[in-house]
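Heads up: the structure comes next, in structure tokens.
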Amino acid sequence: MHIPDAYIPLGQAAVYWIIAAIFIARSIKWARSDLDENMIPLFGVLAAGMFVLMTINIPIPMSPVSWHMVGAALTAIIFASPWAAVLLMTLVLAVQSLYGDGGITVMGANIINMGIIGGFSGYYSYIALSRLSLTRSKAMFAGAWISMILPAIALSFEMWFAGTFPLKQGVFLMSLFQGAAGIGEGIITVIVFGAISKARPDIVAEDAHKKVSTAKVAAFSIIALAGLALAAPFLASSNPDGLQHTASTVIGNGINSAVSPITPLFPNYAIPGMGMSGKMAAIVIGFAVVLVIWLGISKIIKKG
């Protein structure tokens with residue numbers, strides 16, 4: 001669901017950037033005031049983990065399309081705030097854009113879709129459904145599914161405004177593909193949250209963040225996710241994602257291949273000329289880069 005540079009005119013992309021910047025600023029304010037230092041390690045590892053998980057495209061049964069986890073709802077639920085999702089997705093998307101996954105000029109739109117719409121819709125749907133006496137797992141699954149379908153619809157309108165593809169076909173196909181992807185997103189969200197709850201129930205308990213340290217959980221997770229990063233190239237499907245397939249179905253090769261303002265460091269998550277080893281190395285490097293950037297950002301935020 002990452003929008004490439006060629007899909008949105010620069011003028012419209014600038015508007016999305018302005019909107020995203022407002023939310024990013026507010027998410028930084030949230031981190032300064034509400035993100036306890038004990039939770040900083042978990043936030044960084046979760047961001048790095050989402051980077052790795054987004055490189056693993058999973059085929060949707062009985063379709064030519066694949067999907068990858070986004071994690072906006074999961075992030076918002078763990079940190080009890082949709083602003084956490086905005087900040088985390090901004091970090092992940094910024095690093096991904098250097099790999100050519102999503103454009104630089106359209107990053108504002110990608111942040112709006114996956115971070116803002118996904119984070120807010122997923123979190124508040126979860127809260128609302130929980131108050132309707134739904135079990136936590138069911139409310140969480142539904143929130144995660146909604147966090148995939150609403151951004152897909154928003155993306156379809158953005159593509160329509162941009163003149164990239166027609167609205168009705170865009171909404172139908174993107175809703176179909178991301179609706180199916182939302183099932184996987186919901187299942188993984190419930191599983192990951194459940195695993196954290198069993199291992200460290202104090203982390204996800206209400207009002208517990210200021211009393212617990214997540215350093216040990218983060219250290220263990222780094223080792224596990226580094227292994228997943230090495231395995232990612234072998235697990236990823238070659239099928240296109242929902243947006244790529246929708247674009248090719250609706251308009252074929254009608255979109256010009258615009259050159260990104262920044263040349264990707266490792267196009268398609270690979271170091272050219274190194275084969276499978278280059279793919280493994282590129283993903284591990286990205287995983288490490290997310291961790292290092294978050295370490296720097298967190299120090300600045302907490303000093304500010």
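Before moving on, here are some points about what is shown:
- Per-residue ellipticity at 222 nm from helix content only, as computed over the chain with -39500 (n - 2.57) for each DSSP H run of at least four residues, stands at -22500 deg cm²/dmol.
- At full extension, ILE191 and SER63 could sit 43.6 nm farther apart than now, given 0.36 nm per residue minus the alpha carbon distance.
- Extension gain, ASP202-GLN169: 0.36 nm per intervening residue step, less the Cα-Cα distance, totals 7.3 nm.
- Length released on extending from ILE251 to LEU265, taking residue separation times 0.36 nm less the Cα-Cα span: 2.1 nm
- For the chain, the number of Lys pairs with C-alpha atoms closer than 18 Å, counting only pairs eight or more positions apart or on separate chains, is 11.
- The fraction of Cα-Cα pairs per 10 angstrom bin, counted from 0 for the stretch 5-303, comes to 6, 28, 38, 22, 5, 0 percent, rounded to whole percents.
- The protection proxy used here, the mean number of other Cβ atoms lying within 10 Å of each residue, ranks peptides 142-150, 108-116 as follows, highest first: 108-116, 142-150.
- Rough spin-label spacing in nm, given labels placed 7 Å along Cα→Cβ, for SER213 and ARG26: 3.5 nm
- For the stretch 1-146: rounded, prolate or oblate by the Cα gyration tensor [a/c cutoff 1.5]: oblate
- Percentage, to the nearest whole number, of Cα pairs in the stretch 1-83 over 23 Å apart: 42 percent
- Charging the Cβ of each Asp and Glu at -1 and of each Lys and Arg at +1, and nothing else, the dipole of the stretch 5-303 about its Cα centre rounds to 620 debye.
- For the pair the stretch 1-67 / the stretch 72-136, the C-alpha centres are spaced 6 Å from each other.
- Axial C-alpha extent at least 15 Å, average Kyte-Doolittle at least -0.5 - helices from the chain (DSSP): 10-34, 40-54, 82-97, 118-131, 136-161, 167-199, 215-235, 275-303
- Hydrodynamic radius of the stretch 116-222 per Kirkwood, over alpha carbon pairs, in Å: 15.5 Å
Taken together, the values in this text are just the output of simple stated rules run on the coordinates, not laboratory data. Because the structure is a prediction, the values reported are computed rather than measured. With ideal geometry, Cβ positions are generated from the backbone for all residues, glycine too; neighbour counts draw on all protein chains shown.
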